[in-house]
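Every number in this text was worked out from the coordinates using simple rules, so none of it is lab data. Since we're looking at a predicted model, the values are computed, not measured. No Cβ is skipped: glycine too gets one built from the backbone with ideal geometry, and neighbour counts run over all protein chains shown.
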């Protein structure tokens, strides 16, 4: 498997950052999470004057063999239809990227449709959807490696343009199912607590989804035993868009970028990345807690406190994009607020 050289941010700068934050003309700690965000960003960038140049958003598309088992309320053709819609600027992800100045890349890594001639879609297709993990592994070792490599190359392209902050979104019908299994196996949580309605299945649909995933999990354990590896879990259940996202997160950290983590699926990808390489964690900002059952539990398992809780569950990376103004405010705070000395104000804390 590809290795990623990730170093935890050097903590020696922390006292100087804290001193700068504490001497801004405000009561100590008065700006709460903005102060902790500023600290994180300064540590990642190793500077007292951070910036958020050329933010980039990767929208990764892929289909899932498990969709054939009726675990999603949406048919698989929605994946390619939405991918085409994104090229026309009509998706939620398009709106928020425009609003917040993100450069959007729409990437096909595994959609079950020929999108190669569609302008605006980057073609990195590994296959036309993963295999059905109820019966066999979703992908081969070589395909998993290919997905990691694609994610890394996409990040390198963004860095070459001057990118300092990366957000990632996904489009893939049924991808809450592999996400639930990643959560179940990597967090050691009961399966039933990891499964929700996804794109909108009813109570009977959730029960059916649970039964399908339970059977798939049992087959996986029969094949791998209780001492399975993180790579085993990622390969057996993952989607191409999910594994590409994991590779992108790891490479982004290795290049010193901030990684904005979106909802349930992207949090599952962040979980996999952390289990593969714990040093990636300080580079991640968890942007929101969505409505999907289990999302809060997974965030708790990671030790993450999200910035927003607004009932979002669209995916596409929209929750991460919505949280960006708070991150921007943290940077503006530490760069633009005056301090007590320069403002000739007596410290009042």
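Table for the structure above
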item: Peptides ranked, highest mean first, by Cβ atoms within 10 Å: ranges 179-185, 319-325; result: 179-185, 319-325
item: 0 to 90° range, to nearest 10: angle between helix 32-45 axis and the chain longest Cα axis; result: 80
item: Highest-first arrangement of 169-177, 188-196, where packing means the average Cβ count within 10 Å; result: 169-177, 188-196
item: Inter-label distance for residue 149 and residue 210, nm, one decimal - labels placed 7 Å from Cα along Cα-to-Cβ; result: 4.2
item: Per-peptide average of other Cβ atoms within 10 Å, ordering 259-267, 291-299 highest first; result: 259-267, 291-299
item: Segment residue 123-residue 305, extension gain: residue separation times 0.36 nm, minus the distance between their alpha carbons; result: 62.0 nm
